[in-house]
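Some notes on the structure that comes next.
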Amino acid sequence: MGNDRPEISATDEPEIRSACILDPMDLFEQHRLDITAAEAPLAARMRPQTLDQFVGQDAIVGPGRLLRRAIQADQLSSLIFYGPPGTGKTTLARVIANTTKAHFISINAVLAGVKEIREAIATAQEKRGRYGQRTILFVDEVHRFNKAQQDALLPWVENGTVILIGATTENPYFEVNKALVSRSRLFQLKPLDENDLRQVVHQALTDPERGYGKKSIQIEPAAIDHLVNVANGDARALLNALELAVETTPTAIDGSILITLAVAEESIQRRAVLYDKEGDAHFDTISAFIKSVRGSDPDAALYWLARMVYAGEDPRFIFRRLLILAGEDVGMADPQAIAVVAACAEAFDRVGLPEGRYPLAQATLYLATCPKSNSVMGFFDALAAVEQEREGEVPNPLKDANRDKKGFGHGSDYLYPHAYRDHWVAQQYLPSSLQGQVFYQPSDQGFEGQIRDRVAQRREAQLAALMEGGATVLPEVLTFSPENSSQERWLQRSLSQAGEKLGQIRDRLFALANPLRHHLILDLNGGSGLLTWEAVRRTPEGGVYVRMESAQDTRALREQAEALPELNRPILLQTSLAELSSALQTGAEPVRFDRILGRNALVREPDKAGIVRQLADWLAPQGAIVLVEPFPRQAQRLYQLIDETSFSPKLRKKLIQAEEAIYQREDDPMVNWQLEDLETCFQAVGFKTEIQLEQTTTELLISSAVIDRWFAQGTLEQPTYKNYLERSLSAKEVSQVQTAFQRLLNQTVPWQGTIIFLQAKL
């Protein structure tokens with residue numbers, strides 16, 4: 001062939017490889033690779049080759065997910081896969097290698113040095129220069145890269161010579177070069193669940209090429225249960241145990257192999273504990289332990305304590321954390337807590353293990369069950385005041401009188417508290433610049449609850465004494481008054497109020513929804529994008545679909561989205577809510593959403609029950625729907641703004657009846673439903689619902705434009721307030737009502753409404 005034969009990588013297209021004439025050395029090498037593959041461990045043979053074979057991790061590679069779309073579109077940027085062993089990090093990289101048209105190079109951060117990195121870069125440059133082909137560099141155990149390796153790789157990741165795919169079991173934010181992390185998209189892989197592991201077993205037993213499909217293997221259900229349980233979410237551990245069970249079990253006369261529970265127990269006897277004292281499991285477990293103690297859950301506290309002891313954690317480390325917690329989270333609610341933990345720590349040092357576990361558990365239970373207070377955090381507020389404020393002079397009565405009393409009068413006028421009743425007297429202790437500053441906020445828990453009132457009373461008396469001692473000088477206030485100051489102030493206040501309330505609604509909705517970074521979200525009513533952009537921020541590894549009502553809103557939202565990378569943009573669907581199902585059927589597999597959110601999405605829909613049935617079809621298992629809807633029937637009425645003496649009792653009665661009739665219309669989807677009706681719509685499909693009502697109050701300026709809008713001549717499709725009144729009142733009576741509203745012109749009145757927060761899960 002000569003030396004000019006082009007290099008063909010293992011990831012080049014099959015038809016290209018088949019077109020090449022291999023020399024004898026290539027044939028021998030291929031034969032060696034075939035033998036190696038056939039003799040490889042079961043876990044290696046069962047590695048998926050395609051996304052369809054990949055088991056688990058639906059949160060990041062399921063239908064519609066960002067990563068799946070990027071792989072299928074061959075639009076990958078640098079990635080880092082983070083998760084415990086056996087979750088599919090390397091496998092997913094191999095799947096990408098088999099799917100992408102890019103050249104694929106794999107190295108291990110432990111085994112590869114700077115030389116290997118430079119060789120990979122040289123190959124990448126050659127592929128790009130000769131064939132216009134991109135190169136993906138897979139780095140296993142990327143957290144083990146030293147500085148020299150990182151420096152050798154980083155420039156080529158920055159300029160796009162290579163696309164980095166890193167795999168790590170450690171938190172990349174702590175263990176991976178920050179420059180690499182900042183240029184990569186992170187995906188966290190979770191341990192496989194029970195269903196995933198059972199699917200792995202099924203694949204291994206039925207696959208004739210890679211697994212045991214050519215053998216007659218019978219496995220007891222109890223044996224499968226044991227393997228799945230003890231594997232603890234690790235597919236590799238599961239396959240290794242299954243292989244050991246199969247290969248060590250004698251074949252019966254009929255050629256079958258029976259895997260019993262006893263065989264399975266021999267194959268995998270002890271649950272693997274992922275607990276590296278320098279790794280995430282260590283920090284995550286101690287975090288769960290401390291949070292359980294802080295949350296006063298003794299059962300959870302004992303469980304996480306047992307996890308740490310079982311894994312071999314140093315009990316002295318646990319005691320140090322408990323001592324910190326006794327001060328930080330218990331504090332003054334139980335001043336004896338720190339003494340109890342210190343005594344238990346001393347007892348442990350005296351008796352050692354294993355009996356030392358008794359005082360360890362006792363300290364844990366004491367802290368978990370005692371009252372809690374973090375009022376000692378007031379120290380850090382005081383520390384911030386010291387750092388930020390100008391250093392205040394020590395008040396003269398508090399200065400040291402032993403040195404400068406005669407010359408400067410230091411310490412004079414100091415009031416000795418023990419000379420007064422209750423051993424307390426009001427006097428200035430803080431610098432003058434900090435008078436009135438409160439750092440310590442006693443809780444109502446335990447011992448602190450007993451002293452809370454006393455502290456407050458003394459604080460009030462002290463402030464009163466200081467105020468009586470001299471006038472308080474307020475800083476100068478500079479003001480600017482526009483031509484119509486009252487109207488301007490109202491506009492500013494109302495705009496701020498509206499924005500604040502919308503922000504509160506958005507934040508509360510997302511608090512109820514609690515979306516995760518990998519979730520797929522459907523926004524039922526995009527509108528201005530209030531929920532959309534928050535959803536995009538919250539799900540960087542997931543995706544957001546948005547239903548848009550109008551073309552104008554769609555254009556506006558699309559223009560805003562253009563600033564984002566294409567794969568991160570929300571998917572806009574301009575359609576009615578009733579026709580949304582057809583718009584979502586864009587691929588072979590239907591899209592299912594982890595969260596369906598909406599603001600004012602259902603209130604105008606005539607067929608609310610039909611829409612709810614569709615929501616159930618769009619929701620993924622374990623998903624949730626969170627809606628916030630106005631409840632017009634419980635809104636304030638306009639007639640409540642008018643003084644009862646404005647016209648006769650007869651006319652007022654007719655006005656009330658006429659306006660209440662608006663909210664009783666059976667043909668108006670805005671008002672023809674009660675709260676129970678909405679709840680029934682969800683329950684009929686099988687949803688469990690939680691509904692909260694909230695009363696809202698806003699300021700309403702009765703301007704001439706507002707009155708004109710109320711009393712304008714509407715249409716049959718969109719009647720106005722006046723049109724509704726005309727159905728029961730004469731023209732003269734309607735005019736009287738309008739005159740009564742005119743008396744409110746340019747006045748600001750409180751307006752009350754009701755909104756519904758609804759949570760639904762199947």
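The values are calculated or read from the model by the stated rules, or taken from the named source; none is laboratory data. In this text the structure is predicted, and so the values were computed from the model without any measurement. When we count neighbours, we look across all protein chains shown, and the Cβ atoms used for this are built from the backbone with ideal geometry, even at glycine.
Filtered by the rule that a residue be hydroxyl-bearing (Ser, Thr, Tyr) and closer than 19 Å to residue 191 by Cβ, the stretch 280-329 gives 285, 287, 303, 310.
Have a look at 258, 242, 238, 197 and point out the one that is in contact with a Phe, Trp or Tyr (Cβ under 9 Å, 6 or more places away or on another chain) and of a type outside the set (Val, Ile, Thr). Step through it out loud before you land on a result.
On the way: 258 fails: in contact with a Phe, Trp or Tyr (Cβ under 9 Å, 6 or more places away or on another chain); 238 fails: in contact with a Phe, Trp or Tyr (Cβ under 9 Å, 6 or more places away or on another chain); 197 fails: in contact with a Phe, Trp or Tyr (Cβ under 9 Å, 6 or more places away or on another chain).
The unique qualifying residue is 242.
Looking at the stretch 538-578, which of the residues that are assigned to a helix (DSSP H, G or I) and of a type in the set (Lys, Arg) is farthest from residue 68 (Cα to Cα)?
Of all residues in the stretch 538-578, those assigned to a helix (DSSP H, G or I) come to 538, 551-561, 566-568.
Next, only the ones that are of a type in the set (Lys, Arg) stay: 538, 555, 558.
On the way: 538: 19, 555: 27, 558: 23 Å.
Only one residue fits best here, namely 555.
With respect to the stated conditions, residue 645 fails to be surrounded by fewer than 16 Cβ atoms within 10 Å (Cβ to Cβ) and assigned to a strand (DSSP E or B).
Within the stretch 663-677, is there a residue that is surrounded by fewer than 18 Cβ atoms within 10 Å (Cβ to Cβ), closer than 30 Å to residue 57 by Cβ and not assigned by TED's automatic domain parsing to the domain that holds residue 534?
Taking every residue of the stretch 663-677 in turn, none turns out to be surrounded by fewer than 18 Cβ atoms within 10 Å (Cβ to Cβ), closer than 30 Å to residue 57 by Cβ and not assigned by TED's automatic domain parsing to the domain that holds residue 534.
Residue by residue, here is whether (1) under 42 Å from the mean Cα position of the chain (by Cα); (2) closer than 30 Å to residue 616 by Cα holds:
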{"position": "701", "(1), (2)": "yes, no"}
{"position": "714", "(1), (2)": "no, no"}
{"position": "720", "(1), (2)": "no, no"}
{"position": "724", "(1), (2)": "no, no"}
{"position": "731", "(1), (2)": "no, no"}
{"position": "745", "(1), (2)": "no, no"}
{"position": "754", "(1), (2)": "yes, yes"}
{"position": "762", "(1), (2)": "yes, yes"}
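Is it the case, given these coordinates, that residue 556 is modelled with pLDDT under 90 and under 19 Å from residue 529 (Cα atoms)? Working first, answer last.
Values: modelled with pLDDT under 90: yes; under 19 Å from residue 529 (Cα atoms): yes.
Answer is yes for this residue.
Just a yes or no: is a residue in the stretch 31-39 free of Cβ contacts under 8 Å to residues at least 60 places away in the same chain, of a type in the set (Ser, Thr, Tyr) and under 30 Å from residue 230 (Cα atoms)?
Quick first cut of the stretch 31-39, residues free of Cβ contacts under 8 Å to residues at least 60 places away in the same chain only: 31-39.
Next cut, of a type in the set (Ser, Thr, Tyr) only: 36.
Narrowing further to those that are under 30 Å from residue 230 (Cα atoms): 36.
Checked the stretch 31-39: at least one residue is free of Cβ contacts under 8 Å to residues at least 60 places away in the same chain, of a type in the set (Ser, Thr, Tyr) and under 30 Å from residue 230 (Cα atoms).
In the list 209, 247, 243, which residue meets the criterion of being surrounded by fewer than 13 Cβ atoms within 10 Å (Cβ to Cβ) and not in a loop (DSSP other than H, G, I, E, B)? Outline the logic, then answer.
Numbers: 209 fails: not in a loop (DSSP other than H, G, I, E, B); 243 fails: surrounded by fewer than 13 Cβ atoms within 10 Å (Cβ to Cβ).
The unique qualifying residue is 247.
Of all residues in the stretch 310-331, how many are at pLDDT below 85 and either assigned to a helix (DSSP H, G or I) or among the small types (Gly, Ala, Ser) (or both)? Spell out the reasoning first.
First pass over the stretch 310-331, keeping only residues at pLDDT below 85: 310-314.
Right, trim to either assigned to a helix (DSSP H, G or I) or among the small types (Gly, Ala, Ser) (or both) and you get 310-312.
Final tally of qualifying residues: 3.
The single condition among (1) part of a helix (DSSP H, G or I); (2) more than 21 Å from residue 137 (Cβ to Cβ); (3) in contact (Cβ under 8 Å) with a residue 60 or more places away in the chain that residue 180 does not satisfy is (2).
Restricting 272, 288 to residues that are at pLDDT below 85, of a type outside the set (Asp, Glu) and either under 28 Å from the mean Cα position of the chain (by Cα) or surrounded by fewer than 20 Cβ atoms within 10 Å (Cβ to Cβ) (or both) narrows the list to 272.
So, of the residues in the stretch 579-614 that are part of a loop (DSSP other than H, G, I, E, B) and within 18 Å of residue 63 (Cβ to Cβ), which turns out to be farthest from the chain's Cα centre (by Cα)? Reasoning before the result, please.
Going residue by residue through the stretch 579-614, those that are part of a loop (DSSP other than H, G, I, E, B) are 579, 585-592, 600-607.
Now drop any that are not within 18 Å of residue 63 (Cβ to Cβ), which leaves 585-592.
Numbers: 585: 28, 586: 28, 587: 28, 588: 29, 589: 26, 590: 25, 591: 21, 592: 19 Å.
Checking each candidate, the answer is 588.
Restricting to the stretch 511-537, name every residue that is outside any helix (DSSP H, G or I) and farther than 25 Å from residue 590 by Cβ. Steps first, answer last, please.
Applying the first criterion (outside any helix (DSSP H, G or I)) to the stretch 511-537 yields 514-529.
Hits for the stretch 511-537 are 527, 528, 529.
Consider residue 688 carefully, then state whether it is of a type outside the set (Asp, Glu), at pLDDT 90 or above and either on the phi > 0 side of the Ramachandran plot or surrounded by fewer than 12 Cβ atoms within 10 Å (Cβ to Cβ) (or both).
yes
Inspection of the stretch 708-721 identifies at least one residue that is surrounded by 15 or more Cβ atoms within 10 Å (Cβ to Cβ), among the β-branched types (Val, Ile, Thr), closer than 23 Å to residue 629 by Cα and free of Cβ contacts under 8 Å to residues at least 60 places away in the same chain. In summary, residue 657 fulfils each of the numbered conditions (1) part of a loop (DSSP other than H, G, I, E, B); (2) modelled with pLDDT of 90 or more with the single exception of condition (1). Cβ-Cβ distances below 9 Å connect the following pairs, each with a first residue in the stretch 741-762 that is crowded, with 18+ Cβ neighbours inside 10 Å and modelled with pLDDT of 90 or more, a second residue that is basic (Lys, Arg) and assigned to a strand (DSSP E or B), and a separation of six or more residues or different chains: 759/688; 760/688.
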